[in-house]
Structure formats: C-alpha cells, structure tokens
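Structure first, then comments.
Every number in this text was worked out from the coordinates using simple rules, so none of it is lab data. What you see is a predicted model, and the numbers here were worked out from it, not measured in a lab.
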Ligand SMILES: [Zn+2]
C-alpha cells in the first residue's frame, strides 16, 4: 500500500470516529440499488411532466424515501427545468415521452425522430443527463416506432397497470385503483399534472410501504428482463413473445 493511501485511510478512520451520528437517515441518490429479485418492489411512473404539481410530488417522495420514474414531455422539460434538475439530483429516473405528445403510430418517421431528439436535448439542457428509456405517447407503438427506439438505443417502457387518475381525478378512487393493481415489480401509470394524484400520494406511499413495497425506479424493476434497445415491455397485447 502506498504511503499516500495509508495516510488517507488514517484520515478517513479519524473522520469516521469523530463524525457525529446523523439525527435521522439522509436520503441519498447514491444509495445502493434495491434488489427487486429479493424484495417486493413497485415502480410508480409519472407521465407528461414535469407537471404543475411536480414540486409537491418531489417533496413527498423525498419525505418517504421513495423513488419514481418521470416520463417527461420535452416541451415541459424546457418550461420547468428546475423540476427536471431536482428529479435527477434526488435519485429519480427520467424517461422520454416525446416533445408534444403525438401518437407515434400516426406520425412520420421524421416527426418521431425529432420528437425524441428534441426531448433528449431539453432534458440534457435542464439536468445534464439524457433519458435512457422511451415511453411512446398513449403507450402506442408498432414495428416502425420500435425500430426508431432501437436507433436511439432505448427500450420502450409501457405499464403493467394504470391508476386511471386522469379519468377519475378523485383521491380515494386513485388510491383504490392503484392498490388493486399493485403487485411485485408492477409499473404503474400516473400523472403529476393530476392534482388529486399528488394530494393522495403521502397516504398511498405509506400504505404501499406498510404492505412491504419498496418504491423504486423502472430500471430497478426491469433489471431481470435484460431488455434490448427497441424492445417493448410489458409486451403490448397481440405482440409475439
Ligand atoms: Zn402521456
């Protein structure tokens, strides 16, 4: 061992000895990832944002040490970059959900590529990172969209179930529906522009955590799937295995 390293270790040992114990656990984005093959995981995903209630949602997620995945629209990453920055700083995952939310299966190849690229650029400008996951608007995809996703190096992440928050806009209904479809490694569709979703989040998170769920990112729950760029997960109905 070099002398430099041993003296650094000595300093580290002293620091550990004299550092006061933290009064409460700190949330750290650098924390080791949860092993979803060993514990119950669930991935809450928020589409179309950053929505106008993203700040409140981020406060709640931080309070309960919960992680989420945000499938952002480029136009809102551009207009609300402060939230995008916070999402990354606080350990959440970002996905690309197009720039203006057109149905990709009804869009030209040039439009799809521009929608994806402009969103990558807007997120990078806001937070210095580029999304590695794509969620096509409305979850609508086909062979052509998949090929473009492959060119961008991104798997397409759909959802195992929805909270139906955009339809009910009711705190109790959103919680009831989400708990009804919650299962290990579920990917749940929600929206941070729905006020009732954000209002009900503290009690929903508490209930999920009480049931033993770790609230993690999409990448945590899909780790075992070994998805390739262009793959869609879960497979849309009617698609071959
Ligand atoms: Zn959407």
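For the chain, the alpha-carbon coordinates run over 63, 45, 38 Å along the three principal axes, in decreasing order. By the gyration tensor of its Cα atoms, with a ≥ b ≥ c the square roots of the eigenvalues, what is the shape of the range 78-167: rounded for a/c under 1.5, prolate for a/b over b/c, or oblate? Note, shape of the range 78-167 comes out oblate. Separation of the range 136-150 and the range 74-124, taken as the distance between their Cα centroids, equals 15 angstrom.
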